[in-house]
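Student: Below is a structure I'd like to ask you about.
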Amino acid sequence: MKLDLNCDLGEGEPLSRTRALMRWITSANVACGGHAGKLRTMEACVRLAKQLGVRLGAHPGPWDRADFGRGRVRLVPDDFQLLLMYQVGALEKVAQANGVRLHHIKLHGALYHASEEDEVLAGRYAAVVKRFWPRAKIYARASGRVARIARGSGLAVWEEAFADRGYRDDGTMFARGEPNALVTDPMAVVERIRLLLDRGEIAAVSGRPFVLNPQTLCIHSDTPEAVRIARAVAEALRAGSGITREAGLRP
């Protein structure tokens, strides 16, 4: 399968940026009322996805807008399930009203990490998706706990790597706020994608490569130079391993 390119959208970015990013990605993860997102932004993202042929996904996050849902959370499984039902269900209703199918679900921020760290939460996540959205794919960290459990439950999983986040040597990501958390230079991102396409490896910030086998790559809409990065990655993926230094770097 060719690599998918996904982006977290509807998170308060200007609509012009949403539209610009949507031109280059193949999957949109739309905030649905937790860490970000309103009915208006959900409607706009769904309509843009339909217009541009982009796969639509739900991007549920913690009920916490103060830190954008990126701080640590403590959740009991029942509360986690209710959160998913509220937020994914809300986006699904908007999608249905616009004649769009929900393609995937990807957790945001603290939920993404909490479900990777906690076997019980990962299991409840898979169980909820299997019961209420069995046709939806789960986007989850490549080689992670959620991917393993969801696949074991019979769900379709697209394992994910991050084009614009800094990795440690052990394959984990630097926390938000740390100096190496983001990769914002489009050329550096293109070089990272070249390594992935050629050798199936991602380079850590130290330069040390490690093996990953993702089906989808993520870019965040609030990363500096996000649109240029999205274009660079999209053109790199289209070109395969024959990436030039100019790929995607035109204004």
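Student: Based solely on C-alpha atoms, express the radius of gyration and the Dmax of the stretch 153-246 in angstrom.
Tutor: That works out to 13.0, 43 Å for Rg and Dmax.
Student: Expressed as an acute angle from 0 to 90° and rounded to the nearest 10, what is the orientation of the C-alpha long axis of helix 226-239 relative to the principal long axis of the chain?
Tutor: The two axes meet at around 70 degrees.
Student: Moving to a separate point now. Using θ = phi - 60° and the Karplus curve 6.51 cos²θ - 1.76 cosθ + 1.60, what whole-Hz ³J(HN,Hα) does each residue of the stretch 111-116 get, with Gly and Pro shown as x?
Tutor: Calculated HN-Hα couplings, in order: 5, 4, 6, 4, 6, 6 Hz.
Student: So for the stretch 39-121, what are the equivalent ellipsoid semi-axes in whole Å, largest first, each being the square root of 5 times an eigenvalue of the Cα gyration tensor?
Tutor: Three semi-axes, in Å: 25, 13, 11.
Student: Now for a separate question. How many nm separate the modelled label positions at residue 131 and residue 143, each set 7 Å beyond the Cα in the direction of the Cβ?
Tutor: 3.3
Student: In cubic angstrom, how much convex hull volume per residue do the alpha carbon atoms of the chain span?
Tutor: Values: hull volume 29.2 nm³, N = 251.
Dividing the Cα hull volume of the chain by its residues yields 116 Å³.
Student: Also, I was wondering about something else. Quick one: work out the % antiparallel among DSSP beta bridges in the stretch 142-251, nearest 5. Could you put the intermediate results ahead of the total?
Tutor: Numbers: 5 of 8 bridges.
Bridges in the stretch 142-251 that DSSP calls antiparallel: roughly 60 percent.
Student: Once amide H atoms are built 1.01 Å from N in the peptide plane, which residues 5 or more positions from residue 137, or in another chain, come under 5 Å H to H?
Tutor: 104, 105
Student: Quick check on the stretch 6-147: what does the Kirkwood estimate of hydrodynamic radius come out to from the alpha carbon pairs, in Å? Don't skip to the end; give the middle numbers.
Tutor: Working: mean 1/r = 0.0672 Å⁻¹.
Result for the stretch 6-147, one decimal place: 14.9 Å.
Student: Collect residues whose amide H, placed 1.01 Å from N in the peptide plane, falls under 5 Å from the amide H of residue 55; neighbours closer than 5 in sequence don't count.
Tutor: Those lying under 5 Å, H to H, from residue 55 are 27, 28.
Student: Measure off, as a whole percent, the carbon and sulfur share of the 1.4 Å-probe accessible area of the stretch 59-155, all protein chains present. Could you put the intermediate results ahead of the total?
Tutor: Details: 2360 of 4660 Å².
Ligands and nucleic acids excluded, carbon and sulfur reach 51 percent.
Student: Set the Förster radius R0 to 25 Å, insert the Cβ-Cβ distance between residue 78 and residue 211 as r into 1/(1 + (r/R0)^6), and round the FRET efficiency to 0.05.
Tutor: The pair residue 78/residue 211 has a calculated efficiency of 0.10.
Student: Right, something else. For the charge dipole of the stretch 54-189, defined by +1 on Lys and Arg C-beta atoms and -1 on Asp and Glu C-beta atoms about the Cα centroid, which residue among 109, 85, 147 has the Cα displaced farthest towards the positive pole?
Tutor: 85
Student: On to the next question. What full-extension length gain, to one decimal in nm, is calculated for residue 40 and residue 225 as 0.36 nm per residue of separation minus the Cα-Cα distance?
Tutor: Net length gain for the segment: 64.1 nm.
Student: Go through 28, 73, 39 and say which Cα lies farthest out towards the positive end of the charge dipole of the stretch 18-76; charges sit on Cβ, +1 for Lys and Arg, -1 for Asp and Glu.
Tutor: After comparing all options, I get 28.
Student: Further, regarding this structure: How much of the DSSP bridge set in the chain is antiparallel, in percent, rounded to the nearest 5?
Tutor: So the antiparallel bridges in the chain amount to around 15 percent.
The values are calculated or read from the model by the stated rules, or taken from the named source; none is laboratory data. Note that the structure is a prediction, hence the values are computed from the model and not measured. Every residue, glycine as well, gets a Cβ built from its backbone with ideal geometry; the counts of neighbours run over all protein chains shown. Surface areas here come from the heavy atoms of the whole protein model, side chains and all, with no ligands, DNA or RNA. Shrake-Rupley method; radii C 1.70, N 1.55, O 1.52, S 1.80 Å.
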